[in-house]
Structure formats: C-alpha cells, structure tokens
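Have a look at the structure below, then the notes.
No value in this document is a laboratory result; all are computed from the given coordinates. Everything numeric in this text was worked out from a predicted model, so none of it was measured. Don't worry about glycine lacking a Cβ; one is built from the backbone with ideal geometry, like all the others, and counts go over all protein chains shown.
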C-alpha cells in the first residue's frame with residue numbers, strides 16, 4: 001500500500017504524537033509498505049521519508065504549546081503533496097487539529113483513517129464541533145488511543161471509536177547503551193510546564209538522600225522559575241533539549257524514571273519507554289498513566305501533586321534492589337504488549353479492510 005501519515009505538529013519538535021507518527025512509519029515500512037510522513041518541520045526533516053510542509057506556529061492548547069501550521073502556505077503544500085503522491089490511504093493523526101490534517105479531512109480524495117490522541121480538553125473540539133461536525137463522517141474509520149480520548153472525541157463529534165493504544169519501539173529501547181552515572185539517579189523528561197509536575201519532583205528531591213542525583217531534560221515556559229526553585233541544589237542537572245538517542249540512553253542508565261504529571265495525559269507512552277528500557281518507573285496515579293502501568297506491578301503510582309509520596313516511592317526503590325529488579329522485569333514484559341510492531345500490524349489490517357470496502 002501507498003500510505004500517507006499526516007501529523008499536525010512540527011516533526012522537528014519532540015512530542016508524543018510526533019514520536020508515534022515517525023515510529024509507526026518506520027514499522028509500516030518494515031512490513032513492506034510505501035510510507036511518507038507529511039507534517040510541519042522547523043528544521044531539516046528528521047527522516048528521509050518525511051515531506052516538510054513549512055514552519056510551525058506555537059499555539060497554546062490543552063495546557064501546553066502545540067507547534068501547528070494553520071497557515072495558507074502549509075495548506076497549499078499539503079494539497080500539492082496529496083496530489084503528487086497519490087496515496088492509497090491516508091492516516092490522519094489528530095484530524096481536527098488546524099493544519100495539514102484538517103486540510104486533508106476537507107479535501108483529500110483517498111480513503112482516510114483518523115487517530116484521536118487528545119484527552120481532557122481541546123480548543124479545536126470546542127471551536128469546530130458545531131460547524132464541522134459533519135467532517136467526522138469523512139473518516140472511513142476512527143481510532144482513539146485511550147478510553148478518555150474516545151470519550152472526548154465522541155462528546156464533540158459523535159460516532160464510534162476503536163481503542164488502539166499507542167506503541168513503543170521496544171527493539172530500539174533494548175538496544176540502547178545505558179548512560180553512565182556516578183550516584184543513584186532519577187531521570188525526568190518533559191516540557192517544563194505546570195501539567196508535567198516537575199515542580200513536584202523538585203520538591204520531592206528535598207526529602208531524598210544527599211547522594212541522589214536528578215537529570216532534567218527538555219525546557220519550557222517554567223524553566224527559569226523551576227531553576228530558581230532548585231537553586232543551590234547541585235544534585236539537579238539541567239540538560240536542556242536532548243536527542244531521542246540520548247533520552248533513551250539516560251532512561252536506561254537511570255535508577256528510576258519519574259513521570260510526575262498532574263493532568264492532561266491521554267496515554268503514557270513515556271512510561272512504556274521507561275519500562276521497555278528496563279528502568280523502574282515512578283509516576284502519578286492519573287487516568288492516562290494508570291491504563292498503561294498497573295500500580296505495584298509494573299510501576300509505583302502515587303497521588304498526583306504529592307511530593308512526599310513521590311519521594312517515598314523513589315526512596316523505596318533506591319533502598320530495595322529486589323523490588324527494583326522485579327519492577328524492571330515486569331515493566332519489560334508489560335511494554336512488549338504495546339510494541340510498535342504490534343500496532344503497525346493492527347493498523348495495516350485496518351487499512352486493508354478500508355480499501356476492501
């Protein structure tokens with residue numbers, strides 16, 4: 001099949017949807033399909049199979065900032081790419097997001113499958129559900145990455161949604177070389193914004209032993225404020241933006257991978273990456289994460305926003321090598337259930353079913 005995967009977010013900016021699109025494209029190619037990814041890029045395309053559609057415009061959405069491209073030049077590039085590539089089927093990620101997915105939903109002539117990622121609240125849903133609710137019927141099949149995402153899409157647009165969880169590149173995680181460390185280490189990665197809970201983790205550090213180190217990756221609107229909060233604590237290492245390879249290497253090298261998010265997570269891919277790397281995971285007990293990690297089995301889950309509970313869970317793992325080993329083994333096994341290969345095989349069957357009708 002000639003498959004077009006369309007992403008509304010800049011493919012050169014780290015993000016959950018972008019990672020899913022690029023990982024799925026790679027796995028679909030391994031199954032023998034021709035795949036091109038269409039999306040905005042704010043630099044060189046991250047893969048030879050990417051068609052860049054122009055620069056993105058950072059836009060506030062769902063308590064975060066989405067790098068979307070709702071401009072006319074992007075729409076024209078999208079139309080040209082759809083015409084030139086003659087795809088057998090299009091796979092739209094976040095079909096209602098302003099930019100190339102919404103343009104495709106309006107104008108594409110190929111059969112279309114849409115995957116809905118967002119959970120909690122979406123400005124696009126609020127603004128568009130009245131005028132363009134009929135666009136939902138343009139999709140030949142609709143998928144949501146979690147029950148929460150399906151509920152949100154159904155409330156705005158109606159219709160039925162198949163639940164297909166996000167995938168993790170387990171082979172890539174297995175093969176990565178661990179980053180070296182000199183002391184017990186926690187790793188955090190995520191945009192520095194309120195919903196990611198980094199402030200809670202920094203507060204938890206005040207309850208942890210003096211030899212405990214924290215690696216903090218990425219940046220965001222709260223970076224300056226958070227650095228001020230941790231001022232004077234030499235244990236906190238601010239890494240800034242890092243490559244995907246370094247991220248996985250640091251996850252695998254750390255003693256604990258911590259995801260203290262407070263809300264707005266439809267699915268915990270980042271937890272799966274931690275588990276696939278064999279690193280014990282400590283995370284907030286929020287709906288999106290609890291669907292991925294079973295508390296006490298695959299990871300330790302604590303009440304969101306509770307810094308003392310977070311510190312207690314971290315220290316429990318650091319003090320108990322046997323428990324750390326159990327969580328590592330169970331996490332690896334759990335992550336296999338969400339492998340990107342399985343997801344690609346499932347989507348491939350869905351594409352075939354759509355084209356057969």
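Structure notes:
- In degrees, nearest ten, helix 307-319 long axis to first principal axis of the chain (Cα): 70
- Whole-percent pair-distance distribution, where bins are 5 Å wide, for the alpha carbons of the stretch 73-220: 2, 8, 13, 14, 13, 12, 12, 10, 7, 5, 3, 1, 0
- Cα long-axis angle, helix 340-356 against the chain (0 to 90 degrees, to the nearest 10): 20
- In terms of Cα atoms, the Rg and Dmax of the stretch 170-336 work out to 14.2, 41 Å.
- The residues 92, 105, when put in order of fewest to most other Cβ atoms within 10 Å, stand as 105, 92.
- Computed from the Cα positions only, the extents of the stretch 48-91 along the three principal axes stand at 36, 21, 19 Å, in decreasing order.
- Folded to 0 to 90 degrees: helix 72-85 orientation relative to the chain principal axis, Cα: 70
- Extension gain, residue 241 to residue 109, is 43.6 nm, computed as 0.36 nm per intervening residue step minus the present C-alpha separation.
- Here the stretch 160-262 carries DSSP beta bridges of which approximately 10% are antiparallel, counting only pairs with both residues inside.
- For residue 164 and residue 76, the FRET efficiency from 1/(1 + (r/R0)^6), where r spans their Cβ atoms and R0 equals 25 Å, is about 0.20.
- Anisotropy class assigned to the stretch 157-230 is oblate, per the alpha carbon gyration tensor with a/c at or over the 1.5 cut-off and a/b no larger than b/c.
- Residues of the stretch 187-223 with amide N under 20 Å of a point placed 7 Å along Cα→Cβ from residue 319: 187, 201-214
- Mean-position separation - Cα centroids, the stretch 271-314 and the stretch 72-109, in angstrom: 37
- Net length gained if the chain between residue 65 and residue 308 were fully extended (0.36 nm per residue, minus Cα distance): 84.6 nm
- Ranked for footprinting exposure by Cβ neighbours inside 10 Å, fewest first, 287, 224 give 224, 287.
- Bins of 10 Å, starting at 0 and running to the largest distance - Cα pair percent for the chain: 5, 25, 34, 23, 11, 2, 0
- Helix-only mean residue ellipticity at 222 nm for the chain, each DSSP H run of n ≥ 4 adding -39500 (n - 2.57), per residue, nearest 500: -12000 deg cm²/dmol
- Counting every C-alpha pair in the stretch 264-357, the share spaced more than 21 angstrom apart comes to 39%.
- Ranked 91, 234, criterion: other C-beta atoms within 10 Å, fewest first: 234, 91
- Beta-bridge orientation, the chain: approximately 15 percent antiparallel, per DSSP, counting only bridges with both partners inside.
- Where labels lie 7 Å past Cα in the beta-carbon direction, separation of residue 219 and residue 151 in nm: 3.7
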